[in-house]
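Enquirer: Got a structure here, written out as structure tokens. Questions coming.
The values are calculated or read from the model by the stated rules, or taken from the named source; none is laboratory data. Because the structure is a prediction, the values reported are computed rather than measured. So basically every Cβ, Gly included, is an ideal-geometry build from the backbone, and we count neighbours across all protein chains shown.
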Amino acid sequence: MMIEDIERVLDSAERLNPQLNSFLSIEREHALSRIEAVSAQTQPRPLLGTPIAVKDNICTKGMQTTCGSRILGNYKAHYDATAVSRLNDAGAILVGKTNMDEFAMGSSNESSAFGPAKNPWDPERVPGGSSGGSAVAVASGVVRVALGSETGGSVRQPAALCGIFGLKPTYGRISRYGLVAFASSLDAIGIFGLTSLDAAAILSVIAGRDPLDTTSADVPVPDYEQTINDDIKGKRIGVPRELFGEGLEDEVRHAVETSIDNFRSLGAEIVDIDLPYARYGIAVYYIIATAEASSNLARYDGVRYGFRAEGQHGLRDMYMKTREEGFGAEVKRRIVLGTYVLSSGYYDAYYSKAQKVRALVKADYERAFNGCDAILTPTSPSTAFKIGEKSDDPLAMYLNDIYTVSANLAGVPAVSIPCGLSGNGLPIGTQLIGNFWSEALLLNMANVYENNFPLGEKPLIFAE
Ligand code: GLN
């Protein structure tokens, strides 16, 4: 990539943004000075000149990091997240920060304080969330790769709704240093790629132990591109049939069933498995995630950084007005819910019970992986819905995460692979969930699938 290539990326980002709203900032000056600097260097670098978009809850030094929230509306980070500094060292060029649900709470991008990003396949529809802006930046052809974050499906679900590849790695695979905390025991940086091969190149660079994040694991990082074309003959794919029932749209079921047949035709062996605790995933997730969020978001108090309300009388009033004006409705709902489940008298009934069920969800996976290499389910129960369709119904919105949250609860890696289009031309994703540290296998299976069964169509709104 040369200066002209980066200019073309920036131009298309600027041209499409009025329609798609996928970028909260386009970092033209930064990108141009970076490409000049990296082009001048002679040592080989794995991502030399690769343009990348980064979700706005990942810290980028000197650049805005708003988390899609008014409370951080004019906040500029003072340091780079480890993932960002590793990308920079590898020669990648950050071109912009992407739109997201406020503090990554949502499945549609509609809770962003800066208006929702739009789905490039049909701009009247949501791109999914919470990393919707990153998904759109890739799906609309502006960049081939983007960073997002996952707490309960925020990379895989928008990847499915936008027809691209999305990866949530094993908990601890990528450092969380500089990823603004939502629910620390679930949070992970994830990767969008136009293809799994694009994402593999990024993962190879950013994965691995980081002394700045004590939960990052000291597990060797393979070269994920090296095994990506391996034969997948004989790989055992477990299918939990009980998850293909109620609430799943017919067209999604059909496309995901076809993906099972396709994997079979590639030589994979399909086996039936049970995940008896999966159906508690949503309930457990919305207790644990809100509990941790209520604690993590206590730091936005108008004192140390970020937004402070005007016209306040005394400290207590300042806290209250700042949080009242700075947070949106969904974030407030979660803080209230999370505070409630942690309060004395309810702690045992909700929070500690949820922790026990979380252990059972994890045990489900451990048991299942004794008999298979990966588990296949739909990524999302529906295709992209209309903007506004579910925004007044939090429960309907939470049900979007039914197939994704349990991988976060268990800590195992998972990917979403495009597997077809609905009758009205909207993308559908199939999900593969792997055992701990099996990203190389998931990328390999996704790559072989994409090469043999490409989606073959581009969205309505596409750069070029
Ligand atoms: N949609 C889920 C939620 O609203 C997941 C969000 C995420 O993964 N960040 O919590």
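Enquirer: Kindly indicate whether SER204 is within 15 Å of the ligand (Cβ to nearest atom) and either polar (S, T, N, Q) or at pLDDT below 95 (or both).
Expert: no
Enquirer: Quick one: which of ARG125, ARG144 is surrounded by fewer than 24 Cβ atoms within 10 Å (Cβ to Cβ), away from the ligand (no atom under 16 Å from the Cβ) and within 23 Å of THR82 (Cβ to Cβ)?
Expert: ARG144
Enquirer: Also: Quick check on my filter: what residues within region 389-436 are of a type in the set (S, T, N, Q) and within 16 Å of the ligand (Cβ to nearest atom)?
Expert: Answer for region 389-436, where residues must be of a type in the set (S, T, N, Q) and within 16 Å of the ligand (Cβ to nearest atom): SER391, ASN400, THR404, SER406, ASN408, SER416, GLN431.
Enquirer: While we're looking at this one, here's another question. Of all the residues that make up region 266-299, how many are part of a loop (DSSP other than H, G, I, E, B) and over 24 Å from the mean Cα position of the chain (by Cα)?
Expert: Number satisfying all stated conditions: 6.
Enquirer: Now for a separate question. Filter region 22-59 down to the residues that are touching a Lys or Arg at 6+ places or on another chain (Cβ under 6 Å) and of a type outside the set (A, V, I, L, M, F, W, C) and list them by number.
Expert: Listed by number, the residues that qualify are SER25, ASP56.
Enquirer: Can you name every residue in region 441-464 that is of a type in the set (Asp, Glu) and not in a helix (DSSP H, G or I)?
Expert: Answer for region 441-464, where residues must be of a type in the set (Asp, Glu) and not in a helix (DSSP H, G or I): GLU457, GLU464.
Enquirer: If a residue has to be in a helix (DSSP H, G or I) and crowded, with 21+ Cβ neighbours inside 10 Å to count, how many in region 398-440 make the cut?
Expert: 10
Enquirer: Still on this model: Which of the residues that make up region 330-359 are over 29 Å from ALA278 (Cβ atoms) and loosely packed, with under 13 Cβ neighbours inside 10 Å?
Expert: SER344, GLY345
Enquirer: Tally the residues that are within 16 Å of the ligand (Cβ to nearest atom) and crowded, with 17+ Cβ neighbours inside 10 Å, restricting the search to region 285-319.
Expert: Result for region 285-319: 12.
Enquirer: On the basis of being within 16 Å of the ligand (Cβ to nearest atom) and free of Cβ contacts under 8 Å to residues at least 12 places away in the same chain, does LYS356 make the cut?
Expert: no
Enquirer: Follow-up. Quick test of your reading of the structure: THR66 fulfils all but one of (1) buried (at least 24 other Cβ atoms within 10 Å of the Cβ); (2) out of contact with any strand residue (DSSP E or B) (no Cβ under 9 Å at 6 or more places or on another chain); (3) hydroxyl-bearing (Ser, Thr, Tyr). Name the failing condition by number.
Expert: Failing condition for THR66: (2).
Enquirer: Quick check: anything in region 438-448 under 16 Å from GLY152 (Cβ atoms) and over 18 Å from the mean Cα position of the chain (by Cα)?
Expert: No, that holds for no residue.
Enquirer: Looking only at region 74-84, filter to residues that are crowded, with 22+ Cβ neighbours inside 10 Å and either part of a helix (DSSP H, G or I) or at pLDDT below 95 (or both); which one of those is nearest to the ligand (Cβ to nearest atom)?
Expert: ALA83
Enquirer: On to the next question. Can you tell me how many residues in region 147-173 are away from the ligand (no atom under 16 Å from the Cβ), touching a Phe, Trp or Tyr at 6+ places or on another chain (Cβ under 7 Å) and among the small types (Gly, Ala, Ser)?
Expert: 1
Enquirer: Give region 136-169 a look and list any residue that's in contact with a Pro (Cβ under 9 Å, 6 or more places away or on another chain), within 14 Å of GLY96 (Cβ to Cβ) and among the aliphatic types (A, V, I, L, M), or say none.
Expert: Passing the criteria: VAL136, VAL142, VAL143, VAL145.
Enquirer: Restricting attention to region 85-122, report how many residues are away from the ligand (no atom under 13 Å from the Cβ), polar (S, T, N, Q) and surrounded by 24 or more Cβ atoms within 10 Å (Cβ to Cβ).
Expert: 3
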